[in-house]
Structure formats: C-alpha cells, structure tokens
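The values are calculated or read from the model by the stated rules, or taken from the named source; none is laboratory data. What you see is a predicted model; the values in this text were computed from it and never measured. In this analysis, Cβ positions are derived from the backbone assuming ideal geometry, glycine residues included, and neighbour counts consider all displayed protein chains. Just so you know, the surface numbers come from the protein's heavy atoms only, side chains and all, with ligands and any DNA or RNA stripped out. Shrake-Rupley method; radii C 1.70, N 1.55, O 1.52, S 1.80 Å.
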Amino acid sequence: MSAMIEAEGLTKTFPGGVTAVDGVTFTVEEGEIFGFLGPNGAGKSTTIAMLTTLMKPTGGNARVAGMSIIRQAYQVRLAIGYVSQDLAVDDNLTGYENLRLQAGFYHIPRAEVERRITEVLEMVELSDRANDLVETYSGGMRKRLDIACGLIHRPRLLFLDEPTLGLDIQTRREIWQYIQHLRDDIKMTIFLTTHYMDEADALCDRIAIIDYGRIKVMDTPSRLKSTLGDELVEFRFATGTEEEIAAAVETIRRQGFVTDVREAGERGYVAVVTNGETAIPRIFDAIAGMPAHIGAITHKRPSLDDVFLHYTGHEMRENGGSRDEAMRSRMIMRRARG
Amino acid sequence: MNMGRLLSDVYWVFWREMKRFFLQRSRLVMAVVQPVVWLVLMGNSMSGLTRNPIAARMLGTGNYLDFMVPGVMIMTALFGGVFGGTSVLWDRRLGFLNKMLTAPIYRAAIPLGKLLSLMVQSWFQVIIIVVIAVILGVHFVTGLPGVLFMLLLASLFGVIMGGISLSLASMLKSIEALHAIMNFLTLPLMFTSNAMFPTRAMPVWLRRIADVNPLSYAVAPMRTVAMKGWIWQDLWVGLVALTFLAAVSTAVAIRQFHRSIA
C-alpha cells in the first residue's frame with residue numbers, strides 16, 4: 001500500500017486572522033475510505049479546499065496522489081475527483097449535458113466520452129432521466145448526478161464534502177452504497193467529511209476527529225469506541241449540593257470497575273466501566289450512604305458521539321456561522337429538497 | 001501554455017453559457033421585444049423631429065429610425081455586457097465555480113469563455129434588430145458587409161462592458177452590489193452619448209462628454225456605415241479604439257478573476 005494523501009502540518013490562516021486549519025498531519029492509504037468527522041466550522045471544508053487545490057495553505061504542505069498541492073496543482077487536479085457539498089450541477093442543463101461538460105473539462109477523448117457517460121449514469125441509476133433538465137430533478141437525483149460528474153475521469157482519489165448533507169434517510173443509504181461500491185469494486189480511495197456520526201461509523205475505515213482546526217484523534221471507528229472501555233453508564237443526580245455531588249462522583253471514580261467519569265450536562269455524568277451488567281447496582285451500592293442521590297441511570301455501548309465528546313470535551317454543536325454561510329447552507333438545503 | 005488545451009477549455013465554458021442562453025426563453029423574448037419597443041415607440045414619437053429641416057440636418061437623415069438603429073444595437077450590447085459578471089457570481093454562490101476550479105482547466109478559460117459567449121449572444125441580438133429594422137423600412141446603404149461590420153463593433157462594445165462587469169464581479173463578490181453599480185453606470189453612459197441624440201444638438205458641456213464616451217466611439221462608425229457608406233477616415237478611429245479597449249477590458253477581467261480565486 002502506498003499513501004494517497006500525506007498532509008504535513010497543513011495550516012490555513014485567513015487574512016482576518018482566523019486559523020481554520022491548524023497544523024493538521026495525517027496519511028490516507030490507497031484504497032481506504034478516510035473520514036474527517038467534526039462539527040460545522042471545525043475546518044473540514046477548508047482542509048478539502050486545500051487538498052483539492054482550491055485554496056493555498058498558509059503553512060505546511062500535502063502530497064495528493066504523490067504530487068505537491070502547492071507546486072503541482074495541475075497534476076493533482078488530473079488525479080482527483082471532487083464532489084462538493086453544494087450540489088454543484090447546472091440546473092439549466094440536462095443530466096447528460098452536465099456530464100458532457102465535465103468530460104470536456106477533463107479532456108476525455110471524444111471516442112471515449114459516450115461510453116464514460118453511459119457508465120457513470122448507470123452507476124448512479126440516472127440513465128432514464130439523462131435527457132431531462134436538472135431543474136426537474138429531486139435533491140437526491142442531483143446529488144447522484146454530482147457524484148457521477150466527479151467520476152467521469154475515473155479519478156484515483158475522490159473527495160466527498162458532506163456527501164449526504166440535507167438528504168433524506170433513504171437517499172443517504174443509496175449514497176453510502178455507491179461509496180462502498182467505489183471502494184470495494186473499483187478500488188478507489190475516498191476522503192470524505194461529515195458531521196454525521198452514523199455516516200462515519202458506517203462507511204469509514206479510519207476517521208480523524210477534527211475540532212477547532214486540529215485533529216484530536218485518528219483511528220478506526222471500532223478502536224476509537226473501544227478506547228472508551230467496553231461500556232458506558234450514564235447517570236444524573238436528582239438531589240445533592242455541588243459539593244455532595246462532587247463527593248459522590250469521586251467515590252464512584254475510585255471503584256475498581258470504573259475507568260473514567262466525565263461530566264455530561266447539568267448534574268449528568270458518564271462513567272466508563274468494564275462490566276456494564278453489574279455496574280449499575282454497584283454504583284448505587286458505592287454511594288448508598290451519601291447525601292447525593294441518583295435520579296436516572298442508563299447503561300449503553302459507546303457510540304462515536306461518546307468518542308467525540310470524550311476527545312473534544314463537548315458535543316457536536318450547531319454553531320452560528322457568518323450571514324453568508326447561513327445563506328449558503330439555506331440554499332444547499334433548498335436545492336437538496338429539490 | 002498549450003494553445004489547443006486553452007481553446008478547448010474556453011470552448012466548453014462558452015458551450016455551457018450558450019446552452020443556458022438558449023434555454024432562458026424570457027431572455028430570448030426580451031432580446032426581440034426590447035428593440036421592437038425602442039424602435040417602434042421611440043422611433044415613432046421622435047419621427048416628428050425629422051420634419052424639422054434643421055433637426056433632419058443634425059441627424060443626417062430624414063428618417064429618425066435610420067439614425068437610431070445603431071444606437072439601439074449598442075444599447076443591447078451594453079445591457080448584455082453589464083450583467084455578464086452576474087454569471088460568475090452565481091457560479092460562485094452555487095458552488096459551480098469550485099467545480100470548474102478543481103478541474104484541470106486554464107483559469108483564464110473561465111472569463112474568456114464567458115466573454116466569448118457575450119460576444120456571440122450580442123450577434124444574435126444585433127441580427128434580430130437588423131431584421132426588425134428592415135421590416136420597419138430602414139435601409140442600410142452598405143448592405144450585408146456593413147451589417148457584419150456593425151455586428152463586429154457592437155460585439156466589441158459588449159466585450160468591453162462584459163470585461164468591466166466581470167472585473168467588478170471578481171472584486172465585489174456580491175450580485176446585489178454588482179447590479180447596483182452597473183445600473184448606476186448604464187443610463188448615464190447611454191444618455192451622455194450619441195446613441196439617441198445627435199451630438200450637434202447637445203449643449204457644449206454634454207458634447208464634450210459625448211465625444212469621449214466609449215459608447216459614442218462605437219455608435220459613430222456604425223452610423224457612418226449604415227447611413228453614408230465605407231468612409232474609412234470616419235471608421236478607423238472607432239474600430240481601433242474599440243479593439244484596444246476590448247483587449248484591455250479582457251486582460252483586466254482575466255487578471256481580476258485570477259486574483260479573486262487565489
């Protein structure tokens with residue numbers, strides 16, 4: 001296996017002084033689905049913009065398909081496919097015309113063009129609507145066409161920025177299937193960003209959790225989950241002053257079967273435990289004589305949400321971006337609904 | 001630079017713009033309706049002027065429509081050109097610009113393809129105006145070669161305005177701001193030129209402005225060709241000036257576009 005992306009201290013500071021991506025280093029191997037997981041504004045799209053040569057880094061460098069994104073931008077562009085989160089297909093053209101245009105941009109030989117277009121249309125199941133204007137497409141169809149556009153030149157590496165943003169559940173699963181097909185049957189390397197935990201969990205061979213422009217942790221989804229221990233117990237105190245609760249938490253923390261206790265909201269805590277079955281009664285036993293009382297308690301297996309909380313110290317937030325960004329996302333949503 | 005690849009890239013950007021142009025029925029209908037309105041309404045209401053022998057001498061014709069047709073052609077090219085930058089801004093807003101920028105195409109092909117499409121679109125519009133004018137009884141003294149010459153001048157003017165519009169679009173990055181500025185430019189540019197009124201009928205201060213207005217540079221030679229004939233000493237100044245300005249405007253548009261995507 002060879003590396004398809006090698007990023008070294010990749011950094012982007014905007015003229016206003018905001019550092020969107022802050023010294024990011026990672027490697028994506030050939031043939032894997034690698035996911036950047038993080039909330040809106042974490043630096044995912046900026047990273048993709050640098051790797052796809054849309055933006056020059058202000059620090060660090062990266063090699064994509066073996067070529068420098070700074071000095072060999074043209075060669076990088078030839079090797080990669082890019083599907084943005086914008087549903088960037090032209091509404092005023094037909095599906096076929098969108099693909100014809102894309103084939104023209106990638107200088108695909110005339111003799112090849114028709115075959116390639118047929119091939120990608122079949123893959124995304126749009127053959128029967130190819131000659132309709134994109135205006136008449138649903139959001140899911142637009143997304144599928146957009147992905148087809150990104151595949152027309154058979155790239156070795158495909159970038160998918162939030163591939164299922166704003167789509168309904170059924171369409172999301174279809175898109176997931178295409179992505180898996182690309183990796184399994186065509187051996188394409190895929191770099192995707194998402195802020196959906198389930199998407200990262202279902203698709204990615206490895207994920208990097210990114211927050212405030214930095215990679216917090218990077219591993220396979222299952223290993224990330226197992227670092228949190230086998231199981232979790234979530235509980236919330238019903239009574240007790242701050243000191244009393246702190247004392248109770250401290251007691252729970254000292255139990256042999258508890259590896260960690262973290263805060264999770266108002267009066268709420270999550271304990272990482274080695275044996276969830278017996279953990280609940282044992283927690284009650286441990287703090288039986290104490291003034292703070294637990295009002296609610298549940299036992300669950302860790303999800304990527306818990307991993308995210310563990311490494312970033314906060315839940316995935318919906319943060320308010322600029323007005324421009326808000327307008328953009330509204331437009332994406334509108335187009336996604338078709 | 002690989003010339004063949006550049007031309008291919010320009011062609012595909014151009015191809016997309018033309019597809020969009022012919023799809024937008026309302027734009028095509030307006031391309032016909034607008035000159036009809038100008039020529040029929042304005043032409044009729046002003047035709048009383050030509051009954052006045054002094055006015056007729058200033059216009060250089062007994063038929064106001066003869067005088068007005070080149071002005072309407074230029075106005076059409078003007079309106080087409082000033083909003084040329086809008087398409088780049090829509091591409092930016094809808095993410096299509098990024099799609100083009102991640103493709104292995106020459107950056108310059110994007111503004112060049114868009115300007116080329118403005119040029120060809122203005123040909124269609126000018127031809128429509130010629131047809132309407134002929135129906136209304138306008139006589140072009142130099143015939144078809146003269147019409148082709150007018151086509152060339154009008155489209156060069158369209159490219160000048162399109163280049164300015166693209167440059168501003170690259171700098172402003174806002175459709176609303178671009179429209180505000182271009183609207184602000186359009187009407188004064190038109191009314192301080194010889195497009196509608198003979199400069200000889202203007203007060204001195206206005207005539208001074210009209211004489212340097214690039215719109216006048218386009219209209220004057222078109223009018224000469226339409227009404228008098230191939231009088232080259234009256235034609236070459238306009239032709240050279242427009243070609244030069246179109247080249248400069250294109251170069252600036254490419255440069256500003258490059259800057260805006262850096």
B:T86: at pLDDT below 85 and among the β-branched types (V, I, T), yes or no? no
Scanning the range B:1-42 residue by residue, those within 11 Å of another protein chain (Cβ to nearest Cβ), aliphatic (A, V, I, L, M) and open to solvent by 50 Å² or more (accessible area, probe 1.4 Å) turn out to be B:L23
The range B:171-226 - residue that is open to solvent by 40 Å² or more (accessible area, probe 1.4 Å) and outside any helix (DSSP H, G or I) and, of those, modelled with the lowest pLDDT: B:F197
From the list B:I105, B:I129, B:I74, pick out the single residue that is within 14 Å of chain A (Cβ to nearest Cβ) and open to solvent by less than 20 Å² (accessible area, probe 1.4 Å). B:I105
Just give me the residues in the range A:35-87 being open to solvent by 10 Å² or more (accessible area, probe 1.4 Å), part of a strand (DSSP E or B) and either in contact with a strand residue (DSSP E or B) (Cβ under 7 Å, 6 or more places away or on another chain) or away from chain B (no Cβ under 14 Å) (or both), in sequence order. A:G59, A:G60, A:N61, A:R63, A:Y82
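Residue by residue, here is whether (1) open to solvent by 70 Å² or more (accessible area, probe 1.4 Å); (2) not hydrophobic (A, V, I, L, M, F, W, C) holds:
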residue: A:A247; (1), (2): no, no
residue: A:Q255; (1), (2): no, yes
residue: A:R262; (1), (2): no, yes
residue: A:G265; (1), (2): no, yes
residue: A:T274; (1), (2): yes, yes
residue: A:I297; (1), (2): no, no
Tell me which residues, restricted to the range A:98-149, are at pLDDT 95 or above, of a type in the set (G, A, S) and within 24 Å of A:L167 (Cα to Cα). A:S127, A:A130, A:A148
Scope the range A:93-133; condition open to solvent by 60 Å² or more (accessible area, probe 1.4 Å), away from chain B (no Cβ under 12 Å) and charged (D, E, K, R); matching residues: A:E114, A:R115, A:E119, A:E122, A:E125, A:D128, A:R129
If B:S165 meets every condition in (1) open to solvent by less than 30 Å² (accessible area, probe 1.4 Å); (2) under 24 Å from B:W230 (Cβ atoms) apart from one, which number is that one? (2)
Residues B:W12, B:W38: which one is part of a helix (DSSP H, G or I) and touching a Gly at 6+ places or on another chain (Cβ under 6 Å)? B:W12
Within the range A:167-206, the count of residues that are out of contact with any Asp or Glu (no Cβ under 8 Å at 6 or more places or on another chain), closer than 14 Å to A:Q85 by Cβ and buried (at least 19 other Cβ atoms within 10 Å of the Cβ) comes to 4
